[in-house]
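Worksheet for the structure shown next.
Only the coordinates and a few stated rules stand behind these numbers; no lab work does. Everything numeric in this text was worked out from a predicted model, so none of it was measured. No Cβ is skipped: glycine too gets one built from the backbone with ideal geometry, and neighbour counts run over all protein chains shown.
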């Protein structure tokens, strides 16, 4: 059975999708960008702050599903500029206690709303 997961503590989808979908013990969190919840405008400060905002939003979606960062098994990070790889890693790594999930990092030609970073995750209920 498929369960739709959405929370008001993360940006609403900007297209025909949900923040996350749970099927069995797997939760698939859609790509998340740094959007201001009130204005619905993209936040473009610096890559570290934008990555922190994205990871915090992912945490809120996971929380709505009854999970945490410890449940993440795979992440995909899309960067507008691969030169931001080191700064993104510095922020990203702070969200995990010991074991890091599997991951792919890709430079994308263009991200939604011209974001600098977009992250999607797959999590498992343990």
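Worth pointing out:
- Among the residues making up the stretch 17-51, those that are within 16 Å of residue 72 (Cβ to Cβ), without any contact (Cβ under 8 Å) to a residue 60 or more places away in the chain and in contact with a helix residue (DSSP H, G or I) (Cβ under 9 Å, 6 or more places away or on another chain) are 19, 20.
- Residue selected from the stretch 77-95 under the condition in contact with a strand residue (DSSP E or B) (Cβ under 8 Å, 6 or more places away or on another chain) and under 15 Å from residue 57 (Cα atoms), by the criterion surrounded by the fewest Cβ atoms within 10 Å (Cβ to Cβ): 92
- Checklist (1) in a strand (DSSP E or B); (2) within 15 Å of residue 6 (Cα to Cα) applied to residue 60, failing item: (1)
- Residues (outside any loop (DSSP other than H, G, I, E, B) and buried (at least 22 other Cβ atoms within 10 Å of the Cβ)) located in the stretch 31-52: 32, 47, 50, 51
- Residues within the stretch 1-14 that are without any contact (Cβ under 8 Å) to a residue 40 or more places away in the chain and in a loop (DSSP other than H, G, I, E, B), tallied: 4
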